[in-house]
Structures are given as structure tokens and as C-alpha cells.
1. Look through region 430-450, keep the residues that are more than 9 Å from the ligand (Cβ to nearest atom) and over 21 Å from Asp269 (Cα atoms), and return whichever of them is nearest to the chain's Cα centre (by Cα).
2. Just to verify a result, which residue in region 403-420, among those that are away from the ligand (no atom under 15 Å from the Cβ) and part of a strand (DSSP E or B), is surrounded by the most Cβ atoms within 10 Å (Cβ to Cβ)?
3. Across region 180-212, what is the total count of residues that are more than 16 Å from His226 (Cα to Cα) and in a strand (DSSP E or B)?
4. Identify, by number, the condition in (1) within 16 Å of the ligand (Cβ to nearest atom); (2) outside any loop (DSSP other than H, G, I, E, B) that Val237 doesn't meet.
5. If only one of Leu230, Leu177, Leu169, Leu218 is surrounded by 14 or more Cβ atoms within 10 Å (Cβ to Cβ) and assigned to a loop (DSSP other than H, G, I, E, B), which one is it?
6. Pairs please, first residue from region 23-41 and within 23 Å of Leu65 (Cβ to Cβ), second anywhere and loosely packed, with under 12 Cβ neighbours inside 10 Å, Cβ atoms under 9 Å, 6+ apart in sequence or on different chains.
7. Could you list all residues from region 182-222 that are away from the ligand (no atom under 14 Å from the Cβ) and closer than 17 Å to Arg414 by Cβ?
8. Out of the strands (runs of 3 or more DSSP E) lying entirely within region 22-124, which hold 1 or more residues that are small (Gly, Ala, Ser) and within 29 Å of the chain's Cα centre (by Cα)?
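The values are calculated or read from the model by the stated rules, or taken from the named source; none is laboratory data. Everything numeric here is computed off the predicted structure, so don't read it as measured data. Here the Cβ positions follow ideal geometry from the backbone for every residue, glycine too, while neighbour counts run over all protein chains shown.
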Amino acid sequence: MVIDFYSHVCPRNLMEALRDEYASDESAALFRKPYLYDAEKRIAFMDEVGIDMQVLVMVRPPMWLGMPRDVMYRMLRTAHDGIAAMVEAHPSRFAGVAVAPRVDDTVLEELRRAWDELGLRGVLRASRPRSACLRCNTCDGFPCLVHAKSDAEVIGVRPVLGLENVTLLVGAEVLSLRTDSGGSRVSTVVVSRGGKTEEYSADIVILSAGAANSARILLRSASDQHPNGLANSSDQVGRNYMFHNSTAVAALAKEPNEPVYQKPLGLNDFSLAPDDRPPLGNIQMLGKSNAMAMKGEEPKLTMLAPHWSLEDVARHSVDIWLTTEDLPMPGNRITVDGDGKIHLSYTATNKVQTAGLYEELKTILNKVGMAAHHVYDKNFYMNMAIPLAGVAHQAGTCRFGTDPSTSVANTDCRAHGIDNLYFADASIFPSIGAVNPALTVMANAIRVADHLAERLS
Ligand SMILES: Cc1cc2nc3c(=O)[nH]c(=O)nc-3n(C[C@H](O)[C@H](O)[C@H](O)COP(=O)(O)OP(=O)(O)OC[C@H]3O[C@@H](n4cnc5c(N)ncnc54)[C@H](O)[C@@H]3O)c2cc1C
């Protein structure tokens with residue numbers, strides 16, 4: 001089956017609604033292209049060029065720019081209704097994708113309607129209209145030198161640096177936290193900076209050093225009052241470390257595959273298996289391979305390959321990332337030795353599901369003409385010799401919960417028994433699911449911030 005999985009559409013009902021409510025040169029221009037809304041013409045064209053099915057995606061992201069919010073919400077519903085109607089009329093020829101011109105509660109509710117009630121199968125997120133992006137090929141996994149990426153530095157840190165009550169200390173490592181004489185408040189943050197030890201104090205202290213390092217700081221903060229480490233009366237600090245069962249797969253296509261960004265596609269179809277099988281996980285695109293990265297990731301496999309052949313492989317590769325949930329196990333844990341070095345004890349979970357997801361992917365790839373013997377995997381599965389990249393998705397170690405005997409923090413992410421210590425990172429995850437963690441880390445940080453704003457007021 002040949003599927004065109006990104007085919008622009010502007011359904012007729014939306015065209016008409018735009019003409020009536022928000023006429024512009026742009027909507028008039030769209031109307032002059034019947035292919036965008038006429039399903040019969042579209043199907044005739046698909047038959048002519050041998051396309052079995054199209055995934056319909058809204059045309060022209062800029063059309064939403066400047067539109068008053070209430071009109072945009074109405075047009076969005078109209079667009080989704082129109083795409084769903086085209087799919088309903090021709091279910092064997094079309095599948096549909098929703099669009100999110102912005103992300104807010106109303107749009108999220110509309111996305112829920114589009115998926116649950118209209119049966120649309122994904123979402124197109126309209127991106128920043130005036131980005132400084134140069135479309136270079138070092139986006140995935142690199143800091144952006146022109147600040148075009150919506151990462152924590154660009155979105156979170158830079159905008160607040162000019163505020164009078166914000167100070168950013170660089171090159172500062174938190175060594176430990178000390179409590180007051182009662183043992184229930186953090187009184188001092190001990191920091192190493194420029195070869196010196198410094199001490200800071202604050203009404204509220206938020207730990208967000210990432211799963212491994214937040215646990216490390218707590219374990220290094222052992223004192224007479226907290227002999228097993230701070231917030232560790234339950235002996236849970238450092239436990240339930242998770243990092244995802246991830247497999248990177250390079251599938252070779254017969255045709256060259258040379259996009260700058262191939263990441264936006266993801267499938268959760270195997271997260272909830274239709275039968276009684278346990279969930280297998282998520283399939284998503286990975287940043288584009290290049291010859292140098294392949295040499296770095298697979299030095300043995302590529303040792304004898306001349307550079308030109310790797311370049312050829314990279315040019316034809318479709319790079320895919322598979323994620324299966326890694327289960328929280330108390331024995332999978334971080335400990336810290338007398339020198340402050342982190343040790344990780346880890347036994348893999350969900351191996352059968354990880355292998356099952358790979359088999360599902362190979363079945364799909366074979367069907368689209370990427371033969372099984374052309375699929376090789378760059379498996380970042382955990383072993384102790386793994387490079388640091390393998391722990392990119394680390395989570396757990398300070399799980400939150402309602403029972404202080406089985407968790408480190410309460411549901412506000414405040415450490416049990418320590419009144420002014422909060423967490424805002426992946427350490428609080430009680431489980432990791434099978435999708436990338438960063439958005440959950442961010443969403444939870446906003447939730448903790450809301451709680452703190454209320455508490456401080
Ligand atoms: C190459 C790469 C690609 C990734 N791609 C994706 C992706 O596409 N999607 C996704 O969802 N996730 C992705 N991730 C994972 C994502 O980055 C993490 O899940 C997320 O950043 C975790 O947030 P965090 O706040 O827990 O920790 P971090 O973002 O790691 O923040 C912890 C911070 O604490 C600092 N720190 C640590 N110890 C100390 C100390 N003792 N004193 C002072 N500071 C300290 C660290 O320097 C760091 O700045 C990727 C990760 C990597 C490495």
C-alpha cells in the first residue's frame with residue numbers, strides 16, 4: 001500500500017466559513033485550488049499516480065496568524081469537522097490529522113474532541129512564525145547558537161535574566177543541603193564555585209538537578225538528624241531509577257531521504273495493544289543520521305567502511321527511535337560513595353516488549369519497501385559500559401506519592417518531612433511511560449510553580 005502521509009487539505013466548509021467570517025486574499029487564493037477541498041478530484045489524482053491512501057493535514061499554518069482567538073477556535077472546529085467528513089466519506093482513501101495553531105486549554109479540548117469523537121489520528125503543531133532558525137543540521141541534541149530552539153535556555157532562563165530579583169550563578173555545583181536545628185527546614189545550600197565553598201540560604205529551596213544528581217545531593221546531605229540522607233527516612237531516595245528501553249533504528253530506503261528535520265512524526269498505536277498483550281511503546285522519528293555520527297555510534301560496525309559508503313547509507317537512512325517503558329524497580333538505584341561518585345545498579349525490565357516493538361517496526365518497514373535485512377539497529381540499551389547518551393531520559397529516584405513510607409515527596413513535590421524543600425525535575429516520576437519525558441518535566445515544574453506562588457502569597 002502506498003501512503004502519502006502528509007497531504008495538504010483545506011476542507012470546503014472551512015473555505016466557506018473563512019469567506020464569510022474572515023475573508024482575506026489568502027482564503028480567496030485557497031478557494032482557487034479545488035484540489036485542496038474536492039475529494040473526488042483528489043482521489044482521481046491519487047489513482048493516476050498510484051497512491052492508495054493520503055493522510056490529510058491542514059494547509060498553510062500562517063492562515064491562523066492574527067486571527068481573533070474566538071474566530072480561530074470556531075474555524076478550528078470547522079476544519080476538524082471538514083477533515084473528518086472527508087475521511088468518513090472515503091475511509092479507505094483518507095485518514096486525517098488535527099491542527100493546533102496554538103496550545104491552550106480550548107485547543108487541547110478541541111484536540112481531544114478531534115481524536116475521541118472525530119477519529120483524527122494525530123496533530124500538526126503550527127510552529128513559531130518568525131523563528132531565527134537557520135535550518136542547520138545540528139538541531140537534535142545540540143544547544144542552538146542562534147537561540148531559535150524552544151529549549152529551557154531560550155524559553156525559561158533568558159527571558160528572566162534581566163529581572164532585579166533573579167541571579168544566575170554559572171559554574172556552581174551544589175554539594176549538599178543542611179537543615180536547621182529542628183531538622184525540618186533546609187537552612188543552607190552548600191555550593192562549590194571557582195574552587196571555593198559558598199553558602200546560600202532561601203525561604204524555599206527547589207531541587208532540580210535531574211534524576212541522578214538530585215538523589216546524589218540528598219544522599220550527600222546526610223547528617224545526625226538525617227543519617228540516611230535528607231528526605232530519606234523511607235529509604236526511597238535513589239531508588240526506582242528509570243531511563244526507557246530505547247532503540248535507535250536506521251532503516252535504509254531505496255530512495256534518498258534528505259530532510260533537515262525528520263523528527264515530528266510519532267506513533268502511539270502500539271502503546272495500547274488491541275488484545276491482552278502488554279503495551280509495547282512508542283515509535284517516533286529520530287534526528288537525521290550523518291556519516292560522522294554513525295562512525296561515533298557504531299565504531300566497530302563501521303570501522304572498515306570507507307567514509308563515502310557511510311555517507312551513502314546516511315543519505316538513504318530513515319532514522320527511527322523506539323521507546324518501551326522501563327518499569328520502576330526499587331533495586332534499580334543510585335548510590336553515592338565516600339568521594340561523592342554516583343554508582344548505578346540496574347537490571348533491565350520489559351525486554352520482551354522492547355523486542356516486540358522492534359518486530360512490529362520491521363513488519364511495517366517491510367511493507368513500505370525497506371527490507372528486513374536492510375534494517376540495522378543502534379541499540380542504546382543499558383549496560384554499565386553505556387555512553388552517557390544512554391541515560392538521556394533518566395527519571396525516578398525521588399518519586400512523589402501520598403504515602404511517606406513509599407515516596408520521597410508529596411503530590412505538591414514537597415519533600416516529606418522537610419517544609420521548604422521542593423523538587424522540579426524528572427526525579428519525581430513514579431513511572432516513566434513510553435514517551436519522551438521533557439514536556440512532563442516542564443508541565444510539572446509549572447504546576448509546582450503555581451503551588452509555590454499560592455504558598456508565598
Ligand atoms: C541528547 C538528548 C536528547 C534528548 N531529546 C529529548 C527529546 O527529544 N524529547 C524529550 O522529551 N526529552 C529529550 N531528552 C531528555 C530531556 O532532556 C530530559 O528528560 C530533561 O531535560 C530532564 O529534565 P530535568 O530537569 O530532570 O534534568 P536536566 O534537564 O538534566 O537538568 C538538570 C540540571 O541540573 C544541573 N545540575 C546537576 N547536578 C548539579 C549540581 N550538583 N549542582 C548544580 N547544578 C546541577 C545540570 O547541569 C542540569 O542543568 C534528551 C536528552 C538528551 C541528553
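1. From region 430-450, those more than 9 Å from the ligand (Cβ to nearest atom) are 430-434, 443-444, 446-450; that's our starting set.
Among the residues that remain, those that are also over 21 Å from Asp269 (Cα atoms) are: 430, 443-444, 446-450.
Values: Pro430: 17, Ala443: 12, Asn444: 14, Ile446: 16, Arg447: 18, Val448: 20, Ala449: 21, Asp450: 22 Å.
This residue is Ala443.
2. First pass over region 403-420, keeping only residues away from the ligand (no atom under 15 Å from the Cβ): 403-407, 410-412, 414-420.
Those left that are additionally part of a strand (DSSP E or B): 414-415.
Details: Arg414: 22, Ala415: 27.
Here the residue is Ala415.
3. Applying the first criterion (more than 16 Å from His226 (Cα to Cα)) to region 180-212 yields 190-212.
Restricting the remaining residues to those that are in a strand (DSSP E or B) gives 190-193, 196-200, 205-207.
Selection size over region 180-212: 12.
4. Answer for Val237: the failing condition is (2).
5. Numbers: Leu177 fails: assigned to a loop (DSSP other than H, G, I, E, B); Leu169 fails: surrounded by 14 or more Cβ atoms within 10 Å (Cβ to Cβ); Leu218 fails: assigned to a loop (DSSP other than H, G, I, E, B).
Matching residue, one of Leu230, Leu177, Leu169, Leu218: Leu230.
6. Glu26/Pro62
7. Correct list: Gly182, Gly183, Ser184, Arg185, Val186, Ser187, Ala202, Asp203, Ile204.
8. Working: elements: 53-58, 94-96, 98-100.
Passing ranges, in order: 94-96, 98-100.
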